[in-house]
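What follows is a single structure, written as structure tokens, with notes after it.
The values are calculated or read from the model by the stated rules, or taken from the named source; none is laboratory data. Quick caveat, the model's predicted, so the values are computed rather than measured. As a convention, Cβ positions derive from the backbone with ideal geometry for all residues, glycine included, and neighbour counts pool all protein chains shown. These accessible areas exclude ligands, DNA and RNA; they are computed on the full protein's heavy atoms, side chains included. Shrake-Rupley method; radii C 1.70, N 1.55, O 1.52, S 1.80 Å.
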Amino acid sequence: MRFYQLQPEERRRILRAEGIKLEDIDDQVLKRLDELSENVIGQLRLPLGVAQNLVVNGQNYMVPMATEEPSVVAAANHGASIFAKNGGVKAVSHRDGIYGQIVLKVDEQFSLADLEEKFPELIDLANQKFTSLVGHGGGTRSISAKQNGNLVYLKVLVDPAEAMGANKTNSILEFLSVKLEQFDHVEEKLFAILSNYPSQLTKAEVKIDPITIGGEKVAQRIVLLSQIGYDDSYRAVTNNKGIMNGVDAVLIATGNDYRAIENATAVLANRDGQYRSLSKWTMEDDKLVGELTLPMAIGVVGGSIKARRDVQQSFSILGKNITSQTLGEIITSIGLANNLAALLAISTVGIQAGHMKLQARNVVAELDATEEEKKTVLNKMIEEKNYSESHAKDILEKLRGEK
Ligand code: MEV
């Protein structure tokens, strides 16, 4: 039998025989994970934290965030608490659908105008075939096309309702491409696959009284940092990484495809040919105004979302009956919260003060010490602003010597 055909327990036996150290795992959990992926031999766990008090369009949310990076949840919390003092985030979504692409090879006699006449009929056929999607409020919405020599590029817009819709869109595209291949002078379909080009755009906006962030000067510094992020790609990519710290953490916690969002986001950041900040901070009528638009091709059903209890736990934290639109608005708001917290830290005390304190917890967690000793070591590291592993060990040694 090939490796992929084996039961996960058998795969683990083989790896162990090769000297690989594997973590223990519950049989039932292993079985369930094997159904989600391939060649499964174990699991990788991430801490799940919550950002509290995120107010979006007048509703208060607790937001699940899965990340291993210390300070990401703290930053989201900090940003969210400032937003809450200022009436929260206003978010709007344009959830018209996700794009699919079909590329056809055609001969010299092909007529694009003739093909375009058939588009309404093709949309009807797709919606008659994929009735369950239509029943859920989605469906194929539009088809457009352009020709470049002997290649015809079709763009199909599919509304996936409450799912991210990758599988459904691909099925629709394959169904349509069989029909398209029958048209006069179409030689063949080259491919039919969804496009991760930005769609399902969500915009989050906050208006902040400078008093709530330390005054006018701090607000002006944030505006300046934002301008630098617009002008300078070296800063822009770091600014956007801070945004994606929060965004990815919620995407992972909710079982969404963070690779799709990451790539679409990069296109948005590059939209005028230079890589720029995704967020923008300006002063308007004495208020600091922050805005962020992100492509939110996400779902609350479909994929492995229902099958994963860890993901269901996240939805339970978010609250009942959350729609994909609301989730997109929450995620974009978290991105803006992480961004504000990072800009505040950078423009005031610097990022290391908060970061290193949190990093110190990781160092202390690795010490072979009692909980009481760990607490004392951590406090001393913070007091002395020295967060190295060797310093942690020195403090511990000294502490034990004193006893
Ligand atoms: C660190 O993970 C993210 C930041 O560098 C983001 C930023 O600089 O805006 C703090």
For the stretch 212-221, indicate whether the set of residues that are within 16 Å of the ligand (Cβ to nearest atom), of a type in the set (Val, Ile, Thr), more than 23 Å from Ala166 (Cα to Cα) and open to solvent by less than 30 Å² (accessible area, probe 1.4 Å) is non-empty.
-> yes
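One line per residue, one yes/no per condition, for (1) open to solvent by 60 Å² or more (accessible area, probe 1.4 Å); (2) more than 35 Å from the chain's Cα centre (by Cα):
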position: Glu181; (1), (2): yes, yes
position: Ala192; (1), (2): no, no
position: Tyr197; (1), (2): yes, no
position: Lys203; (1), (2): yes, no
Within 16 Å of the ligand (Cβ to nearest atom) and open to solvent by 10 Å² or more (accessible area, probe 1.4 Å): does that describe Asp209?
-> no
Which residue, of Ile317, Ile331, is touching a residue at least 40 places away in the same chain (Cβ under 8 Å) and crowded, with 20+ Cβ neighbours inside 10 Å?
-> Ile331
From the options Ala297, Ala342, Ala369, Ala392, residue that is within 30 Å of Leu224 (Cα to Cα) and open to solvent by less than 30 Å² (accessible area, probe 1.4 Å) | Ala342
Spot the failing condition for Lys357; the list is (1) free of Cβ contacts under 8 Å to residues at least 40 places away in the same chain; (2) within 16 Å of the ligand (Cβ to nearest atom); (3) closer than 24 Å to Leu201 by Cα, and only one is missed.
-> (3)
Taking into account only those residues within the stretch 44-79 that are among the small types (Gly, Ala, Ser) and closer than 21 Å to Ser324 by Cβ, which is farthest from the ligand (Cβ to nearest atom)?
-> Gly58
Number of positions in the stretch 222-235 that are more than 12 Å from the ligand (Cβ to nearest atom) and open to solvent by 70 Å² or more (accessible area, probe 1.4 Å) | 4
Is there a residue being closer than 28 Å to Arg45 by Cβ and more than 16 Å from the ligand (Cβ to nearest atom) anywhere in the stretch 335-351?
-> no
Quick one: how many residues across the stretch 365-387 are at positive phi and of a type in the set (Ser, Thr, Tyr)?
-> 0
Here the residues within the stretch 159-170 that are of a type outside the set (Gly, Ala, Ser) and either closer than 16 Å to Gln325 by Cβ or without any contact (Cβ under 8 Å) to a residue 12 or more places away in the chain (or both) are Asp159, Pro160, Glu162, Met164
When you scan the stretch 265-324, how many residues do you find that are among the hydrophobic types (A, V, I, L, M, F, W, C), within 30 Å of Arg32 (Cα to Cα) and part of a helix (DSSP H, G or I)?
-> 4
Residues in the stretch 201-216: is at least one more than 25 Å from Leu294 (Cβ to Cβ) and in a strand (DSSP E or B)?
-> no
Positions within the stretch 236-289 being over 23 Å from Ile193 (Cβ atoms), away from the ligand (no atom under 16 Å from the Cβ), open to solvent by 40 Å² or more (accessible area, probe 1.4 Å) and aliphatic (A, V, I, L, M), in sequence order | Met283
Consider Glu162 against the criteria (1) among the charged types (D, E, K, R); (2) at pLDDT 95 or above; (3) within 23 Å of Ile330 (Cα to Cα): it satisfies all of them except one. Which criterion is unmet?
-> (2)
Collect the residues in the stretch 165-179 that are at pLDDT 95 or above and open to solvent by less than 20 Å² (accessible area, probe 1.4 Å), keeping them in residue-number order.
-> Thr169, Ile172, Leu173, Leu176, Ser177
Is it the case that Lys90 is more than 24 Å from Ile298 (Cβ to Cβ) and basic (Lys, Arg)?
-> no
